[in-house]
Structure formats: C-alpha cells, structure tokens
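Below you'll find the structure, written out as structure tokens, and then a few comments.
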Amino acid sequence: MSLDHTFLAVYGAELPEADWLHVYDRLEDLRRAQGPAGDAEDVQLFTASGERGPDRVIGAATVSFTPGSCRSVRDFPPSPGRDATVRRAAEFVGHAEPIEPGWLFVHDMS
C-alpha cells in the first residue's frame, strides 16, 4: 500500500479538537438551511492526516497543487467575504473559540 499525497490551499480555518462527524453533519444542515444551490458559498470539511494526527479544517475555497508545482503567495489574497462565510459556518457547527480565516496550505498523506 502506498501513500497518496494531496496538496491544497484552503481558504478557511482549522478547528482543533473538533469531532469531524459532528462538523460534517452540521455543515450538511447548513447547506440545507441555505436553500437552493447558488444562494451562498459552500463550506466544506477537510481532514488532513499526517504525523501529528488528523487536522480538521473548514474551507470556502480550494486550490489544488500537483507535486512539484510552484505558486506565488500573491496568488492567494485575503477575502473579507469568505472570512464572514467561514466564521458563520464555524459558529453554526458549534465552534466557540474565535477563528481567523485565511489561506491554509495542506499536505495530506492518506
């Protein structure tokens, strides 16, 4: 069995110690509450497994990378609109601590 490497830039926030199943279910509830597709930006759950265990990240946008590719950090500007979307989603899933959304660079080995 070999490891599959995925490289992503996710505009969102890490939810440390979050129960991924609870977060997943609540994000599904949020999608249903928002109505038909296109009404609001979709927020997804990402889990990144690695040496320190799985990280839980919610994100409103993603950019994938192929191994060996290169992108400038200038390609990833802050987004106040997405900040609000990610904060609302974090609150909806019950995350009590303040979050500071931004681009998170995720290397997932699964």
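Restricting to region 94-110, what's the tally of residues that are over 13 Å from the mean Cα position of the chain (by Cα) and under 11 Å from Leu15 (Cβ atoms)?
Residues meeting the conditions: 4.
Give the residues of region 83-110 that are in a loop (DSSP other than H, G, I, E, B), in contact with a strand residue (DSSP E or B) (Cβ under 8 Å, 6 or more places away or on another chain) and either modelled with pLDDT under 90 or of a type in the set (D, E, K, R) (or both), sorted by residue number.
Within region 83-110, Glu100, Ser110 qualify.
So which pairs qualify, if the first residue must be in region 62-82 and part of a strand (DSSP E or B), the second must be modelled with pLDDT of 90 or more, the Cβ gap must be under 7 Å, and the two must be at least 6 apart or on different chains?
Thr62/Ala9; Thr62/Val10; Val63/Ala9
Which pairs turn up if I take residues in region 93-105 that are at positive phi and look for partners that are open to solvent by less than 100 Å² (accessible area, probe 1.4 Å) with beta carbon separation below 7 Å, at least 6 apart in sequence or on another chain?
Gly94/Arg26
Checking Leu8 against (1) modelled with pLDDT of 90 or more; (2) of a type in the set (A, V, I, L, M, F, W, C); (3) more than 11 Å from His95 (Cβ to Cβ); (4) open to solvent by less than 80 Å² (accessible area, probe 1.4 Å): exactly one of these is not met. Which one?
Going through the list (1) modelled with pLDDT of 90 or more; (2) of a type in the set (A, V, I, L, M, F, W, C); (3) more than 11 Å from His95 (Cβ to Cβ); (4) open to solvent by less than 80 Å² (accessible area, probe 1.4 Å), Leu8 breaks only (1).
What are the residues in region 91-110 that are of a type outside the set (Val, Ile, Thr) and within 23 Å of Thr6 (Cβ to Cβ), if any?
Pro101, Gly102, Trp103, Leu104, Phe105, His107, Asp108, Met109, Ser110
What are the residues in region 70-110 that are hydroxyl-bearing (Ser, Thr, Tyr) and open to solvent by 60 Å² or more (accessible area, probe 1.4 Å), if any?
Ser110 - this is the single residue of region 70-110 that is hydroxyl-bearing (Ser, Thr, Tyr) and open to solvent by 60 Å² or more (accessible area, probe 1.4 Å).
Could you give me the residue pairs with C-beta distances under 9 Å whose first residue belongs to region 13-42 and is at pLDDT below 85 and assigned to a loop (DSSP other than H, G, I, E, B), whose second residue is surrounded by 12 or more Cβ atoms within 10 Å (Cβ to Cβ) and small (Gly, Ala, Ser) wherever it lies, and which are 6+ apart or on separate chains?
Glu41/Ala60; Glu41/Ala61
The values are calculated or read from the model by the stated rules, or taken from the named source; none is laboratory data. No experiment lies behind these values; they were computed from the predicted model shown. Please note: Cβ atoms are built from the backbone with ideal geometry, for glycine as well, and neighbour counts cover all protein chains shown. Heavy atoms of the whole protein, side chains included, go into the accessibility calculation; ligands, DNA and RNA do not. Shrake-Rupley method; radii C 1.70, N 1.55, O 1.52, S 1.80 Å.
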